[in-house]
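The block underneath contains the structure these notes are about, expressed in structure tokens.
FYI, it's all coordinate maths here, none of it is from the lab. Computed from a predicted model, the values in this text were never measured in an experiment. Using ideal geometry, Cβ is built from the backbone for each residue, glycine included, and neighbour counts are taken over all protein chains shown.
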Amino acid sequence: MLNGNLKKKDIQEVFETGNKINSRYFYLVFKKNQIGYPRFAFIASKKIFKKSTQRNRVKRLLREVVRLLLPKLNVLSCDIILVGKSEILNLKSFQLKENFISILEKLEREC
């Protein structure tokens, strides 16, 4: 189970002051927190994904990858926002997981 979800004001703060890591399928915005555990937000823009089924699939894929890698992520103390890009719709969750692992190494160094 995910530890916590970000509130709207927390999401705005992370976007304004956080660091960004780009990937082919999504980008990740993060900022250190004082809580001691990671909190997540998953975003699929209506501008990119016109249909709600597409937006729901993108968020489901991102949540599943985070759920699978949660033991590795629990050591981080960051607020993390994952924003899906249009290329993510063509992926299976295991392909996205491989991509996320490479991003995770960068995240562990910076967070």
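Each residue of segment 6-13 was assigned a 3J(HN,Hα) from its phi angle through the Karplus curve 6.51 cos²θ - 1.76 cosθ + 1.60 (θ = phi - 60°); the sequence is 7, 7, 4, 5, 5, 4, 4, 5 Hz, with glycine and proline shown as x. Any chance you could check the Cα centroid distance between segment 91-111 and segment 7-54 for me, in angstrom? Taking the Cα centre of segment 7-54 as reference, the centre of segment 91-111 is 15 Å away. Remark: relative contact order (segment 1-73) = 30 percent; criterion is Cα-Cα distance under 8 angstrom and separation of 6 or more residues.
The chain: percent of C-alpha pairs farther apart than 16 Å? Spell out each step's value before the answer.
Working: 3388 of 6105 pairs.
Taking all Cα-Cα pairs of the chain, the fraction more than 16 Å apart is 55 percent.
Ranked highest first by average number of other Cβ atoms within 10 Å, how do 39-46, 78-85 line up? Could the numbers behind the result be given before it?
Values: 39-46: 18.8, 78-85: 22.4.
Descending packing order for the listed peptides: 78-85, 39-46.
Residues whose amide H lies under 5 Å from that of PHE26, counting only those 5 or more places away or on a different chain, are LYS85; hydrogens are built 1.01 Å from N in the peptide plane.
Selection among ASN19, LEU61, ILE81 by position relative to the dipole of segment 8-110 gives LEU61 as farthest towards the positive end (Cβ unit charges, Cα centre). Phi angles of segment 76-82 translate, via the Karplus equation with coefficients 6.51, -1.76, 1.60 and θ = phi - 60°, into HN-Hα couplings of 7, 10, 9, 8, 10, 10, 10 Hz per residue; Gly and Pro are given as x. Per DSSP H run of at least 4 residues, take -39500 (n - 2.57); add these up for the chain, divide by its residues and hand me the 222 nm value, nearest 500 deg cm²/dmol. Estimated from H runs of four or more residues: -14000 deg cm²/dmol.
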